[in-house]
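These notes concern the structure reproduced below.
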Amino acid sequence: MAQDMEQLYQQRLKRYVTAMRNEKPDRVPIRPFVAEFTAKYAGYTCQEVTHDYRLAFEAAVRCAEDFDWDAVVANMVYVWTGLTQAIGLKYYATPGLEIDVNTGFQYREPPEDEAFMQPEDYEALIEDPTGFLFNVWLPRVSTEVVETGSPCTYRNNLSFLKGGMAMLSYFGAFGPQTQRLRTECGTVSAIAGIFKAPFDILADKLRGYLGLTMDLFERPDKVMAACEALMPHLLHVALSGADPEKNVPIGFWMHRGCVPFINRQQWARFYWPTLKPIIEEIWRHGHQVLFYAEGKWLPHLDAFLELPEGSIVFHVDQDDVFEVHRKIGHKFAISGGIPNFLLAYETPDKVRAFCKRLIDEVARDGGYIADASAIMQNEISIENMRVMTESIRDYGVY
Amino acid sequence: MESIPIKTPRPKPGVCIEWDEKRKDLPDIRGDEDLFRRIWEDNEALAYLYIWQVLLSF
């Protein structure tokens with residue numbers, strides 16, 4: 001049995017990797033990014049899988065056992081709120097606390113005047129990003145950590161101790177979870193490592209979207225210098241978590257560079273010049289990057305074509321997957337594009353018809369990995385997930 | 001717009017406090033300095049990982 005499971009794993013790994021290299025495997029690989037869907041399927045609340053990662057791992061395995069999927073993320077409910085609570089992070093709404101037990105965790109961006117980084121902080125960030133994060137940013141995002149220079153507190157000390165130990169516990173559990181997916185389900189762990197663009201980091205966690213858009217006009221040189229200062233660190237973090245076997249890609253979660261958050265001139269001046277060199281450097285190390293392109297990125301596809309062939313896998317969210325394929329499919333593999341609305345609320349016949357069209361037009365020459373447009377939460381229909389899986393399996397044989 | 005070169009900052013990525021700075025706190029090293037440096041940087045990497053993962057993943 002173990003031998004059969006290993007054979008199944010190797011078969012799926014080859015299928016998944018071949019498609020990501022923009023080549024034609026034996027059939028279309030299925031790699032759904034299922035988050036709170038796993039809780040719904042396994043009978044847990046969102047609170048349970050978010051606050052106890054062991055339950056989230058269990059739910060992921062349950063889905064991998066029951067659905068014929070080639071690859072999954074070891075835990076797509078990636079924010080363990082036990083860890084964020086230990087550190088005291090204040091920007092999450094936690095299921096069972098601020099929101100209903102059956103609502104997925106939420107990120108809460110503060111008002112512009114309460115941004116975690118203020119305009120006058122740019123110099124400190126540019127001078128030493130790591131020091132800035134520890135000394136300035138962390139006390140502002142945590143209910144427990146006190147400002148540097150303030151009297152130390154019991155809770156401050158516990159935040160670092162518990163936070164550090166909890167992070168080791170959580171990250172240390174991913175190895176056994178990945179192995180469990182392999183040996184019990186024959187399923188590949190879909191990504192390894194994390195990357196975000198310098199501009200996105202400024203917008204997401206530091207200045208906030210509103211603050212940053214004002215900075216683009218009022219202090220553009222500071223924005224550029226901050227992005228440059230973040231580049232080597234974001235590269236380092238991406239490479240330090242990458243797959244040593246160089247099979248699966250580094251996950252790149254793309255946020256604020258898309259249309260219409262910033263205009264094309266801002267994208268060309270700030271976002272792309274500080275992103276492209278990092279992707280090229282990661283590729284020089286032999287790793288692909290999964291561009292998880294949340295939102296609409298069609299206006300930027302020509303820029304992505306400047307990247308080396310095969311260096312990325314482009315995941316389609318709100319763009320038209322057929323148009324994306326026509327524009328960049330000759331150079332990069334594509335994933336996603338199956339609308340979440342379709343999987344949540346439409347009929348099985350419509351799901352089946354869409355999957356068939358997808359295979360006919362996008363996957364016909366290989367280079368396509370089946371997935372929904374966005375991360376799947378608990379609104380997704382279990383029946384439609386079965387239909388999607390069966391449709392890709394039935395139609396997607398080369 | 002041309003691509004921006006990736007700089008090598010100080011402290012270098014992967015550490016919070018460079019070994020060269022820590023070394024100033026220590027008496028003359030009688031043994032293997034490379035061993036001290038390696039283990040210092042291994043532990044520094046954990047602190048570095050902590051803050052950057054909080055920023056990126058959580």
Assuming A:TYR395 fulfils every condition listed in (1) touching a Gly at 6+ places or on another chain (Cβ under 8 Å); (2) surrounded by fewer than 19 Cβ atoms within 10 Å (Cβ to Cβ) apart from one, which condition is it?
-> (1)
For region A:138-151, does any single residue satisfy the condition of being in contact with a Ser or Thr (Cβ under 7 Å, 6 or more places away or on another chain), hydrophobic (A, V, I, L, M, F, W, C) and crowded, with 21+ Cβ neighbours inside 10 Å?
-> yes
Qualifying residue in region A:185-196 (condition: out of contact with any helix residue (DSSP H, G or I) (no Cβ under 7 Å at 6 or more places or on another chain), over 30 Å from A:VAL34 (Cα atoms) and hydrophobic (A, V, I, L, M, F, W, C)) = no
Among the listed residues A:ARG219, A:ARG207, which satisfies the condition of being more than 19 Å from B:ILE51 (Cα to Cα) and either at pLDDT 95 or above or surrounded by fewer than 23 Cβ atoms within 10 Å (Cβ to Cβ) (or both)?
-> A:ARG219
Considering residues of region A:65-82 that are in contact (Cβ under 8 Å) with a residue 40 or more places away in the chain and assigned to a helix (DSSP H, G or I) only, the residue nearest to the other protein chains (Cβ to nearest Cβ) | A:GLY82
Residue in region B:1-20 that is surrounded by the fewest Cβ atoms within 10 Å (Cβ to Cβ), counting only those that are part of a loop (DSSP other than H, G, I, E, B) and of a type in the set (A, V, I, L, M, F, W, C) | B:MET1
By residue number, the members of region A:217-234 that are closer than 13 Å to A:TYR122 by Cβ and more than 14 Å from every other protein chain (Cβ to nearest Cβ) are A:GLU218, A:ARG219, A:LYS222
Looking at (1) at pLDDT below 95; (2) farther than 30 Å from A:PHE171 by Cα, which is the only condition A:GLN266 fails?
-> (1)
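Residue-by-condition table, conditions (1) hydroxyl-bearing (Ser, Thr, Tyr); (2) within 23 Å of A:LEU343 (Cα to Cα); (3) part of a helix (DSSP H, G or I):
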{"residue": "A:LEU13", "(1), (2), (3)": "no, no, yes"}
{"residue": "A:LYS24", "(1), (2), (3)": "no, no, no"}
{"residue": "A:PRO32", "(1), (2), (3)": "no, yes, no"}
{"residue": "A:THR38", "(1), (2), (3)": "yes, yes, yes"}
{"residue": "A:TYR44", "(1), (2), (3)": "yes, yes, no"}
{"residue": "A:VAL49", "(1), (2), (3)": "no, yes, yes"}
{"residue": "A:ALA56", "(1), (2), (3)": "no, yes, yes"}
{"residue": "A:ALA60", "(1), (2), (3)": "no, yes, yes"}
{"residue": "A:CYS63", "(1), (2), (3)": "no, yes, yes"}
Exactly one condition in (1) within 14 Å of another protein chain (Cβ to nearest Cβ); (2) not in a loop (DSSP other than H, G, I, E, B) is not met by B:TRP40; state its number.
-> (1)
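Could you list, in sequence order, all residues of region A:351-366 that are in a helix (DSSP H, G or I) and not aromatic (Phe, Trp, Tyr)?
A:VAL351, A:ARG352, A:ALA353, A:CYS355, A:LYS356, A:ARG357, A:LEU358, A:ILE359, A:ASP360, A:GLU361
Residues checked against (1) over 17 Å from A:LEU133 (Cα atoms); (2) buried (at least 20 other Cβ atoms within 10 Å of the Cβ):
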{"site": "A:GLY172", "(1), (2)": "yes, no"}
{"site": "A:GLU184", "(1), (2)": "yes, no"}
{"site": "A:ILE191", "(1), (2)": "yes, yes"}
{"site": "A:ALA197", "(1), (2)": "no, yes"}
{"site": "A:LEU212", "(1), (2)": "yes, yes"}
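Do the conditions hold for A:TYR44, that is, is it at pLDDT 95 or above, crowded, with 20+ Cβ neighbours inside 10 Å, of a type in the set (Ser, Thr, Tyr) and under 20 Å from A:TYR395 (Cβ atoms)?
no
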Could you tell me whether region B:46-54 includes any residue that is surrounded by 12 or more Cβ atoms within 10 Å (Cβ to Cβ), within 8 Å of another protein chain (Cβ to nearest Cβ) and farther than 25 Å from A:ALA242 by Cβ?
-> no
All conditions in (1) within 14 Å of chain B (Cβ to nearest Cβ); (2) more than 20 Å from A:GLU123 (Cβ to Cβ) are true of A:PHE261 except (1)
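The values are calculated or read from the model by the stated rules, or taken from the named source; none is laboratory data. The structure presented is a predicted model; accordingly, all values stated were derived computationally and were not measured. So basically every Cβ, Gly included, is an ideal-geometry build from the backbone, and we count neighbours across all protein chains shown.
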